[in-house]
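Heads up: the structure comes next, in structure tokens.
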Amino acid sequence: MLTLRPATERGRARFDWLDSQHTFSFGHYYDPKHMGFGPLRVINEDVVQAGKGFARHGHSNMEIISYVIAGALEHRDSLGTGSVIRPGDVQRMRAGTGIEHSEFNGSSTETVHFLQIWVQPDRLGLEPGYAQLAFPHEARQNQLTLLASGFGETDVIEVRQSMRLYSGLFDAGQSLTQPLDPARGHWLQVIRGRIQVNGTTLNAGDGATLVSESTLSLDVIDSTEFLLFDLPA
């Protein structure tokens, strides 16, 4: 069964420096029908104005993944990590027993547009950590690409949860049929474009759960970028 989560029904927080849309309950947005999906707790789509950002703050017991769509996101944390995340990069910050960090727009002239994703780890009290890898767009075109996994694959971001995170970058007119394990849960989040997923049309910002489905069938209407989460049920 596919259940659509329309972009237009997400929560929203707007400030002079930030426009943030919340797929699941977050901050001042609360909807008991949308608290997460399995261990997937947060998908926030953020646009941060030039030179602005999130001042130093703390997290614990969460795997936090940042996926930059456009612009540059500058990161600093209490582990001593400093980095700039750009399109094609995937960052994972393991909050574990506690970490503090700041996130700022790394440009003085352009906005940064990114997804921040929180996944509950498989255990509490992990040692905090940081990872960042580049997945060039040209190497990901017209296929599913594994970005993050808790199953030990190499050359991907390691997460402490029995999940996999894939990206899809597809040209208009492309199609894909992918087997799914119906005993697991799947979430598909459209970043840009328009796509048919098992017969349902999804637009930019839309999400969808796929529960008890054995096949993912994609027909790309407009050039599309999306993320696919394979999660424990």
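Quick rundown of the values:
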quantity	calculated
Sole exception among (1) under 18 Å from the mean Cα position of the chain (by Cα); (2) without any contact (Cβ under 8 Å) to a residue 24 or more places away in the chain for residue 133, by number	(2)
Pairs where the first residue, in the range 103-122, is in contact (Cβ under 8 Å) with a residue 60 or more places away in the chain and within 15 Å of residue 65 (Cα to Cα) and the second is assigned to a loop (DSSP other than H, G, I, E, B) and aliphatic (A, V, I, L, M), C-beta under 8 Å, 6+ apart	118/62; 119/62; 119/159; 119/163; 120/62; 121/62; 121/159
Elements of type strands (runs of 3 or more DSSP E) contained in the range 128-233, each with 1 or more residues being under 24 Å from residue 85 (Cβ atoms) and modelled with pLDDT of 95 or more	129-134, 144-149, 164-170, 185-197, 207-211, 215-231
Residues (modelled with pLDDT of 95 or more and either among the polar types (S, T, N, Q) or not in a loop (DSSP other than H, G, I, E, B) (or both)) located in the range 106-127	111, 112, 113, 114, 115, 116, 117, 118, 119, 120
Enumeration of residues in the range 18-36 that are under 13 Å from the mean Cα position of the chain (by Cα) and among the hydrophobic types (A, V, I, L, M, F, W, C)	24
Strands (runs of 3 or more DSSP E) contained entirely in the range 14-104, each with at least 1 residues that are surrounded by fewer than 20 Cβ atoms within 10 Å (Cβ to Cβ) and at pLDDT 95 or above	18-22, 40-48, 63-70, 89-94
Unmet requirement for residue 176, which otherwise passes all of (1) closer than 22 Å to residue 128 by Cβ; (2) touching a strand residue (DSSP E or B) at 6+ places or on another chain (Cβ under 6 Å)	(1)
Pair list, Cβ < 9 Å and 6+ apart or interchain, from the range 143-161 residues that are buried (at least 19 other Cβ atoms within 10 Å of the Cβ) to residues that are part of a loop (DSSP other than H, G, I, E, B) and hydroxyl-bearing (Ser, Thr, Tyr)	150/162
Which numbered condition residue 164 misses (of (1) surrounded by fewer than 17 Cβ atoms within 10 Å (Cβ to Cβ); (2) touching a residue at least 60 places away in the same chain (Cβ under 8 Å); (3) among the charged types (D, E, K, R); (4) closer than 28 Å to residue 217 by Cβ)	(1)
Filter result for the condition that a residue is of a type in the set (Gly, Ala, Ser), farther than 30 Å from residue 138 by Cα and in contact (Cβ under 8 Å) with a residue 60 or more places away in the chain, over 80, 38	38
Residues (under 14 Å from the mean Cα position of the chain (by Cα) and under 19 Å from residue 57 (Cα atoms)) located in the range 86-130	91, 92, 93, 114, 115, 116, 117, 118, 119, 120
Whichever residue in the range 113-133 is of a type in the set (A, V, I, L, M) and farther than 16 Å from residue 76 by Cα and, among such residues, is surrounded by the fewest Cβ atoms within 10 Å (Cβ to Cβ)	124
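The values are calculated or read from the model by the stated rules, or taken from the named source; none is laboratory data. Everything numeric in this text was worked out from a predicted model, so none of it was measured. Positions of Cβ are backbone-derived with ideal geometry, glycine not excepted, and every protein chain shown enters the neighbour counts.
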